[in-house]
Amino acid sequence: MKNFLAGCFTIAGLGLGAASTFAQDADSALVEQARLLSEPRSEASFIRQCTVEPARFPGLGEGVAAVPAKIFDNLYYVGRTDVGAWVIKTSDGLVLIDTLYTPEDAEQIVDGGLRQLGLDPADLKVVFVTHFHGDHAGGAPYFRGKGVRVMLSESDWSELGGAPDADSIAHDGQTIMVGETPFTVVLTPGHTPGAISLIFPVVENGVQHKAVIMELSPRGGIDVHRDAVAGIEHLGEITGREGVDVALHPHEMIFDPVARDFIMSASTRAAGSVNPLVIGKDSMQRFASMVGTCWKARIATMEAAQ
Ligand SMILES: [Zn+2]
């Protein structure tokens, strides 16, 4: 475990202070199992998920508008440097995932970014919000005000005053077709009770891949973590069945530095170069197993402390 701990403190940017408790304090076998599933690119996630009380996302709220970028043939980033917003182009208009902090963010960064990319904000058909927290849902009223359908899970809608109608509720296992593009909703509770992950196809140089935008980071005690473990195992099954090979997160600056660097500078990449967001089906499955194993280690730690 010495090497593991040494590694932790080299990632100073993660803000893991001495106060954080590492899950291996109680269950080194589970943490070791998770460490073996971890790959170099997922090391930051491994450290974060295998820590019982990780620091609040460092830098959250301190970001600025990112340079809007095309990151797949049909996927665009119109987010900030500290939290993401993605747009998928379909045969029947545009779909947005997450809305940033405020209506001003939505108007200036999302709509403004779309215009810079040559896309028309009036073509937005559906907005998915991964969960009700302000950094993801704060811009939603702007889109609702324009008549766009905004979708969250039922329980996260209840935190925002309730769903406006049945069509605005995203259900676990539901596939929503926008034009010819299917969006599969997977309930992944933990960060909030109704956090959702979304699976959809992306295309790179004519080759189709499957992407997931995952909401991770459970907040709460043992019961919340048990739900989160069930959720990530459920997501692992569905992403395995669907052949997901691209893993994205609303806060890439914490979870995958390679993805972050690519997303934040996608416009400078050479044509024909390999898209580093395609991690492969095996890495996706290893990632889901690693995260679930870390949360089991946290549960063991919390149980031992009772
Ligand atoms: Zn959140």
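The values are calculated or read from the model by the stated rules, or taken from the named source; none is laboratory data. Predicted, not measured: the structure shown is a model, and the values here were computed from it. Cβ placement follows ideal geometry from the backbone for every residue including glycine, while neighbour counts extend to all protein chains displayed.
Structure above, values below:
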item: Elements of type strands (runs of 3 or more DSSP E) in the range 169-280, at least 2 residues being within 16 Å of the ligand (Cβ to nearest atom) and in contact (Cβ under 8 Å) with a residue 24 or more places away in the chain; result: 196-204
item: Residue list for the range 271-286, restricted to those being out of contact with any Asp or Glu (no Cβ under 8 Å at 6 or more places or on another chain) and either among the polar types (S, T, N, Q) or over 15 Å from Lys70 (Cα atoms) (or both); result: Ser273, Asp282, Gln285
item: Residue within the range 153-163 that is of a type in the set (A, V, I, L, M), in a strand (DSSP E or B), free of Cβ contacts under 8 Å to residues at least 60 places away in the same chain and more than 16 Å from the ligand (Cβ to nearest atom) present; result: no
item: Any hit, the range 129-140, residues being out of contact with any Lys or Arg (no Cβ under 6 Å at 6 or more places or on another chain), touching a residue at least 12 places away in the same chain (Cβ under 8 Å) and farther than 19 Å from Gly84 by Cβ; result: no
item: Qualifying residue in the range 290-299 (condition: in contact (Cβ under 8 Å) with a residue 40 or more places away in the chain and more than 16 Å from Gln33 (Cα to Cα)); result: no
item: Check on Lys125, basic (Lys, Arg), surrounded by fewer than 20 Cβ atoms within 10 Å (Cβ to Cβ) and touching an Asp or Glu at 6+ places or on another chain (Cβ under 7 Å); result: yes
item: Residue among Gly138, Gly147, Gly173, Gly118 that alone is surrounded by fewer than 16 Cβ atoms within 10 Å (Cβ to Cβ), small (Gly, Ala, Ser) and under 18 Å from the mean Cα position of the chain (by Cα); result: Gly173
item: Among the candidates Val127, Val87, Val64, residue that is farther than 25 Å from Pro182 by Cβ and of a type in the set (Val, Ile, Thr); result: Val64
item: Qualifying residues in the range 71-83 (those that are over 15 Å from the mean Cα position of the chain (by Cα) and assigned to a loop (DSSP other than H, G, I, E, B)) - the one nearest to Asn275 (Cα to Cα); result: Asp73
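Each row is one residue, and each column tells you yes or no for (1) more than 25 Å from Arg219 (Cβ to Cβ); (2) at pLDDT 95 or above.
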residue: Asp256; (1), (2): no, no
residue: Asp261; (1), (2): yes, no
residue: Ala270; (1), (2): yes, no
residue: Lys281; (1), (2): yes, yes
residue: Met284; (1), (2): no, yes
residue: Ser289; (1), (2): no, yes
residue: Met302; (1), (2): no, no
